[in-house]
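The numbers here are math on the coordinates, done by the rules we state, and not lab data. For clarity, every value in this text was computed on a predicted model and none was experimentally measured. Every residue, glycine as well, gets a Cβ built from its backbone with ideal geometry; the counts of neighbours run over all protein chains shown.
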Amino acid sequence: MSDTTKEFGGTGPSHQGVEIGVAAFMALLALVGIYGSLKVGIGWGAEGPKAGFFPFYVSLAVIIASAVNLAKIFATADGELFASWSQLKLVLAVVIPTAIYVAAIPYLGIYVASAILIIAFMRWLGRYPWIYAVGVGALVPFLTFLMFELWFLVPLPKGPFEKFLGY
Amino acid sequence: MLEDIGNLIHGFAVVVQPFNLLLMVVGIVLGVIVGVLPGLGGANGVAILLPLTFSMSPTSAIIMLSCIYWGALFGGAITSILFNIPGEPWSVATTFDGYPMAQQGRAGEALTAAFTSSFVGALFAVVMITLVAPMVAGFALRFGPAEIFSVYFLAFCSFVGLSKEPPFKTVASMMLGFGLGAVGLDQVTGQLRLTFGVEQMLNGFDFLIAVIGLFGIGEILLTMEEGLSFRGSPAKLNLKVVFQTWKELPRYWLLSLRSCLIGCWMGISPAGATPASFMSYGIAKRISKNGHKFGTGQIEGVVAPETAAHAAGTSALLPMISLGVPGSPTAAVLLGGLLIWGLQPGPLLFTEQKDFVWGLIASMYMGNIVGLLIVLTCVPLFAAILRIPFSVIAPVILVFCAIGAYTVHNNTFDVVMMLVFGIAGYFMKKCNYPLAPMVLAIVLGDKAEEAFRQSLLSSQGRLGVFWSNGLVSTIMALGLIALFWPIIQAGWERMRGRPAGLRAAE
């Protein structure tokens with residue numbers, strides 16, 4: 001991502017910069033794909049085309065398409081903003097807690113982690129009083145527990161808290 | 001033909017069992033909620049709720065899941081008209097005239113028109129499916145690998161040629177999807193590929209995870225960025241308004257019929273409901289004598305896109321049940337469900353799983369009738385859901401997405417992948433890369449590759465096998481036409497001396 005300052009309407013990364021990043025990232029993934037395909041062979045084997053045949057040409061298509069996309073980005077530089085920093089801050093305010101949540105699931109179990117996520121989200125982003133946040137945060141995992149574990153018999157990851165309760 | 005009618009009646013008998021009727025109502029209600037909430041849509045709503053059906057019979061499961069889909073289609077209209085926020089991409093065109101109508105105090109009229117035309121569109125498409133699907137399936141039974149590959153080719157080419165997004169972005173997104181789908185075990189040789197020794201990649205990327213991440217998490221991030229402020233019109237819908245509007249609607253029968261046809265055509269080709277609704281709106285605007293007033297609250301401006309969107313959303317299931325090629329991301333998720341329940345999608349369904357197929361078709365009829373009744377009576381309830389602030393809804397949706405992702409394989413690593421797909425989806429959406437072709441490519445990658453390699457094997461590597469007989473050549477040629485459609489259209493209009501900018505789809 002490249003940073004450009006604009007004369008009007010707040011600042012943020014330029015749309016062009018992000019577009020370049022996305023196209024380059026796709027091409028990079030495709031390069032990895034080509035490398036992996038070459039390792040298993042892209043030619044003709046005993047059972048027809050080898051395992052790497054299809055992913056090789058598919059990756060090649062991604063690279064060609066990304067090259068065209070990159071060329072188009074440079075042709076149409078308009079200095080548009082991708083998003084303002086304050087908008088990106090809001091996006092990060094979701095991404096970071098979600099990342100922590102996802103990382104915590106194997107250790108805390110999904111129910112406790114979910115309760116913490118909802119409470120934290122409502123308390124700090126929604127500025128709700130503790131009582132509402134804790135109420136919703138406790139109710140949603142509880143109902144989920146009833147629905148999945150008891151009614152539909154689908155087990156979800158559980159942690160020390162559930163073990164303590166005897167599940 | 002007569003046999004089909006008998007099967008359909010048998011299907012109705014399955015559907016009206018109390019348990020299935022209950023699932024239908026539950027499905028519709030969940031679907032409308034999913035359609036109303038930002039960040040949840042038909043595709044990932046169905047993906048998240050898919051695990052709940054693992055213990056059901058396939059017929060009951062498909063009834064519930066397809067009803068979620070109908071519900072989502074209905075739900076999109078509520079938010080478009082009352083809040084000017086399209087709950088689903090295919091309801092964007094509905095906001096153009098629906099929201100002005102609501103501002104003028106004609107919300108009830110707009111909602112009734114939207115629901116009724118949705119119903120008409122869906123019904124038209126279901127009748128079409130009932131008549132056409134068995135024939136298509138019977139025809140497709142004779143397909144060899146080359147023909148099967150040509151059908152996939154046609155499906156993916158239509159994406160490139162017909163979608164609104166830049167063609168090379170569609171290609172990049174689609175091919176990346178094929179690449180992701182190829183990771184893991186190679187179906188033909190049984191060899192591992194592209195795993196680079198990472199244990200978690202042995203099973204490849206599951207498209208359900210991709211759907212939940214790309215459409216669910218990605219959508220929440222987008223909504224967050226826009227910062228939601230709801231200023232909705234009051235949702236009142238009394239019977240008098242409903243009947244008054246119904247009296248008025250038959251006047252627009254020609255418009256409805258045209259929108260149905262557009263919707264069915266766009267739904268079968270995987271272009272989907274969104275372009276269908278825009279196209280129908282655009283054409284209605286050009287043809288109607290009130291065309292210049294469109295955008296100020298014309299009822300025709302609600303009827304046209306809603307009819308087409310529903311017809312397209314419903315007919316997207318035709319290629320899914322008859323050929324095994326889904327016409328939309330939601331249809332793809334339903335197809336994934338079939339695989340999980342142990343059914344092999346494709347033309348054989350019609351001969352081997354009669355109960356299932358006809359149960360599904362019967363549930364399309366019943367589901368839309370039940371759906372119409374539910375949305376007409378419960379609009380204020382659903383509108384109330386939208387008034388719940390996003391800072392409460394967002395974490396709850398995140399939790400459901402995580403549960404949905406986990407339950408696909410009972411694997412916490414999948415939840416991590418969901419977040420990765422979510423962030424990728426945010427950037428792709430912002431940069432105008434279409435997500436649907438990527439998802440369909442992940443789903444169909446294995447099958448398309450298998451068909452491709454089997455065809456090449458039988459021809460000893462000569463690509464001529466895809467032009468070896470009339471049938472396969474025709475389908476491949478159609479695919480190429482779809483692929484280069486924008487160029488063909490531009491050339492055609494230049495020849496007729498019209499500027500290319502006057503295209504109806506815009």
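How much FRET efficiency would the formula 1/(1 + (r/R0)^6) give for B:VAL132 and B:GLU3, where r is the Cβ-Cβ distance and R0 is 25 Å, rounded to 0.05? Show your work: numbers first, answer last.
Details: r = 15 Å, r/R0 = 0.62.
Efficiency at R0 = 25 Å is approximately 0.95.
For B:LYS289, give me every one of the aspartates and glutamates with a C-alpha distance below 16 angstrom, ignoring sequence neighbours fewer than eight places off in its own chain.
Leaving aside aspartates and glutamates fewer than 8 places away in the same chain, those within reach of B:LYS289 are B:ASP97, B:GLU300.
Using only alpha carbon pairs under 8 Å that are at least six residues apart, calculate the relative contact order of region A:85-165 and give it in whole percent. Please report the intermediate quantities before stating the final value.
Numbers: 61 pairs, mean separation 28.5, N = 81.
Result for region A:85-165 is 35 percent.
Send over the per residue convex hull volume for region A:3-75, Cα only, as a whole number of Å³. Please list the in-between numbers first.
Working: hull volume 5.7 nm³, N = 73.
Output value, Cα hull per residue: 77 Å³.
Tell me, what does the Kirkwood hydrodynamic radius of chain B come to in angstroms if you use every pair of distinct C-alpha atoms? Please list the in-between numbers first.
Numbers: mean 1/r = 0.0435 Å⁻¹.
By the Kirkwood definition, the hydrodynamic radius is 23.0 Å.
May I ask you to sort B:THR130, A:THR76, B:THR170, B:THR474 by Cβ crowding, counting other Cβ atoms within 10 Å and putting the fewest first? Walk me through the numbers before you get to the answer.
On the way: B:THR130 20, A:THR76 10, B:THR170 24, B:THR474 13.
Neighbour counts put them in this order, fewest first: A:THR76, B:THR474, B:THR130, B:THR170.
Within a Cβ distance under 15 Å of B:PHE452, other residues only, what is the Lys/Arg minus Asp/Glu net charge?
Numbers: positive: A:LYS50, B:LYS447, B:ARG453, B:ARG462; negative: A:GLU47, B:GLU147, B:ASP186, B:ASP446, B:GLU449, B:GLU450.
Its environment carries a net charge of -2.
Between B:LEU471 and B:HIS409, what's the calculated FRET efficiency when r is the beta-carbon distance and R0 is 30 Å? Round to 0.05. If you can, show how the numbers build up before the last one.
On the way: r = 38 Å, r/R0 = 1.28.
It comes to 0.20.
For A:GLY45, enumerate residues with amide H under 5 Å from its amide H, sequence gap 5+ or separate chain, H modeled in the peptide plane.
Amide H neighbours of A:GLY45: A:LYS50.
Please give the Cα centre distance for region B:1-51 versus region B:146-192, rounded to the nearest Å.
Here the two parts' Cα centres lie 29 Å apart.
Springs between alpha-carbon pairs under 10 angstrom, Gaussian network model over chain A: which of A:GLY79, A:GLY109, A:GLY45 fluctuates most?
A:GLY45
Using θ = phi - 60° and the Karplus relation 6.51 cos²θ - 1.76 cosθ + 1.60, list the HN-Hα couplings for region A:24-32 in order, rounded to whole Hz, with x at every Gly or Pro.
5, 5, 4, 5, 5, 4, 5, 4, 4
For A:LYS50, go through the lysines and keep the ones whose alpha-carbon is under 22 Å away, minus same-chain ones fewer than eight residues off.
A:LYS39, B:LYS447
Say the dipole of the protein assembly as shown comes from +1 at the beta carbon of Lys and Arg and -1 at that of Asp and Glu; which of B:GLN104, A:VAL102, B:MET64 then lies farthest toward its positive end?
Positive-most Cα among the choices belongs to B:GLN104.
Going by alpha carbons, how many degrees (0 to 90, nearest 10) lie between the helix axis of B:18-36 and the longest principal axis of chain B?
80 degrees
Please work out the Cα center distance from region B:398-416 to region A:114-152, rounded to the nearest Å.
About 17 Å separates the Cα centre of region B:398-416 from the one of region A:114-152.
Can you show me the helix-derived [θ] at 222 nm for chain B, built from DSSP H runs with n ≥ 4 at -39,500 (n - 2.57) apiece and divided by the number of residues, rounded to the nearest 500.
Details: 23 runs with 361 residues, N = 506.
Theoretical 222 nm ellipticity from helices: -23500 deg cm²/dmol.
Which of the three applies to chain A, rounded, prolate or oblate, going by the alpha-carbon gyration tensor with a ≥ b ≥ c and a/c under 1.5 meaning rounded?
On the way: a/c = 4.08, a/b = 1.34, b/c = 3.05.
It is oblate, given that a/c is not under 1.5 and a/b is not larger than b/c.
In debye, nearest 20, what is the charge dipole magnitude of region A:3-75 about its Cα centre with +1 on Lys and Arg Cβ and -1 on Asp and Glu Cβ, if you could check?
Numbers: 4 positive and 4 negative charges, 40 e Å.
Result for region A:3-75 is approximately 200 debye, rounded to the nearest 20.
Report the Cα centroid-to-centroid distance between region B:452-498 and region A:22-45 in angstrom, as an integer.
Answer, in whole Å: 26.
Which entries of B:LYS169/B:LYS430; B:LYS247/B:LYS285; A:LYS72/B:LYS429 show an alpha-carbon separation above 20 angstrom in the structure shown?
Numbers: B:LYS169/B:LYS430 12 Å; B:LYS247/B:LYS285 22 Å; A:LYS72/B:LYS429 18 Å.
Listed pairs above 20 Å: B:LYS247/B:LYS285.
Please give the FRET efficiency for A:LEU143 paired with B:MET495, using the beta carbon to beta carbon distance and R0 = 45 Å, rounded to the nearest 0.05.
0.15
I'd like the orientation of helix B:390-409 relative to chain B: the angle between its Cα long axis and the longest Cα principal axis, in ° from 0 to 90, rounded to 10.
Its long axis makes an angle of about 30 degrees.
Return the aspartates and glutamates within reach of B:LYS240: Cα separation strictly under 14 angstrom, same-chain partners fewer than 8 residues apart disregarded; answer none if there are no such residues.
In chain and number order, the partners are B:GLU109, B:GLU248.
Could you give each residue of region B:421-428 its phi-based ³J(HN,Hα) in whole Hz, using Karplus coefficients 6.51, -1.76, 1.60 with θ = phi - 60°, and x for Gly or Pro?
Values, residue by residue: 4, x, 5, 4, x, 4, 5, 5 Hz.
Among rounded, prolate and oblate, which fits the protein assembly as shown when a ≥ b ≥ c are the square roots of the eigenvalues of its C-alpha gyration tensor, a/c under 1.5 means rounded, and a/b larger than b/c means prolate?
Details: a/c = 1.20, a/b = 1.06, b/c = 1.13.
Rounded.
Helix B:273-287 against the longest principal axis of chain B: what's the angle in degrees, Cα atoms only, rounded to the nearest 10?
On a 0 to 90 degree scale, this one is about 50.
Can you give me the long-range amide H partners of A:LYS158? Hydrogens built in the peptide plane at 1.01 Å from N, cutoff under 5 Å, separation of 5 or more residues or another chain.
Amide H neighbours of A:LYS158, under 5 Å, 5+ apart: A:ILE110.
Under the Karplus relation 6.51 cos²θ - 1.76 cosθ + 1.60, θ = phi - 60°, what is the ordered set of whole-Hz ³J(HN,Hα) values for region A:55-61, x standing for Gly and Pro?
Working through the residues one at a time gives x, 4, 5, 5, 5, 4, 5 Hz.
Would you be so kind as to identify which of B:ILE488, B:THR296, B:PHE83 lies farthest towards the positive end of the dipole of chain B, taking Lys and Arg as +1 and Asp and Glu as -1 on Cβ and the Cα centre as origin?
About the Cα centre, the residue reaching furthest to the positive side is B:THR296.
Non-local amide H neighbours of B:PHE205 (under 5 Å, H modeled in plane, Pro and chain starts lacking H): which ones?
B:VAL183
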